[in-house]
Amino acid sequence: MAKNLSRQKKFDTRIDFTPMVDMNMLLITFFMLCTTMIKSQTLQIALPSNEKVEQEQQNKVKQSEAVTIIIDGKVDDKGLSKPDEGMLYFFDGMPPQGEELKNLATSNPMKQIEFGAKTGGPLTPIREILQERNKEVLKKINELKKDWKEMKFDPKNEERNDSIYQAKARVIRNDSTLKRPVIIIKATPNASYAHVVSVLDEMAINSISRYQIDRINEVDSAMMILLQGQNVK
């Protein structure tokens, strides 16, 4: 006699994700509209324009206003530049020319200072030099900063108080009636990118509006070699 065997029916389990596509698109659209995009923080550098400038116009800068800073980094045993240590060379006025070059061995205008942990900070010595050269601007900026801290520009709106301060500070930094230095920044092959950025930061810290990045030339190298030889002696 045949037995009736009851067989259990098997159902395939399947989840349909098709409706989830619409939901995912809605979520993506929602987050894209509601999320604030983070702007990349980059260092703003004033690049020279394409306009041709006559040599006479370039020489209008007073010698007392020009300061040339040359960055020379230190390297380790592997030949890699140390970002927090190095030497800064600087001199006031325009580079020696003509007869001054012949007497460079006895009248070298260049000076050097070491920066790093030994001096209390990466660029503490050069900061003092820049503040001395730009003291007229810094005096007015500090007075303006005092009013900004006390919310005198707009006591009820902090954002407007900040914007007014920035606008007034910009006018002071660009005031041609004040004695303002023109900083020429140069770097040797031993200097790292961090060295250059640190010096550019000092321009903003000391409210210096006129500066440029230039290449080191033969006269600069000659003054550095003479100065290094004098220090060794």
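The values are calculated or read from the model by the stated rules, or taken from the named source; none is laboratory data. Computed from a prediction, not measured in an experiment: that's the story for all the values here. Here the Cβ positions follow ideal geometry from the backbone for every residue, glycine too, while neighbour counts run over all protein chains shown.
Results, tabulated for the structure shown:
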read-out	value
Residue ID - modelled with the lowest pLDDT, chosen from residues in the range 158-215 that are among the small types (Gly, Ala, Ser) and over 17 Å from the mean Cα position of the chain (by Cα)	Ser176
Residue in the range 98-143 that is modelled with the lowest pLDDT, counting only those that are assigned to a loop (DSSP other than H, G, I, E, B) and aliphatic (A, V, I, L, M)	Leu123
Number of the condition not met by Pro189 [criteria: (1) out of contact with any strand residue (DSSP E or B) (no Cβ under 8 Å at 6 or more places or on another chain); (2) assigned by TED's automatic domain parsing to the domain that holds Gly73; (3) surrounded by 13 or more Cβ atoms within 10 Å (Cβ to Cβ)]	(3)
For Glu150: the one exception among (1) out of contact with any helix residue (DSSP H, G or I) (no Cβ under 7 Å at 6 or more places or on another chain); (2) modelled with pLDDT of 90 or more	(2)
Ile208 closer than 28 Å to Pro95 by Cα, in a loop (DSSP other than H, G, I, E, B) and assigned by TED's automatic domain parsing to the domain that holds Glu114	yes
Residue within the range 78-91 that is assigned to a loop (DSSP other than H, G, I, E, B), over 18 Å from the mean Cα position of the chain (by Cα), charged (D, E, K, R) and at pLDDT 60 or above present	yes
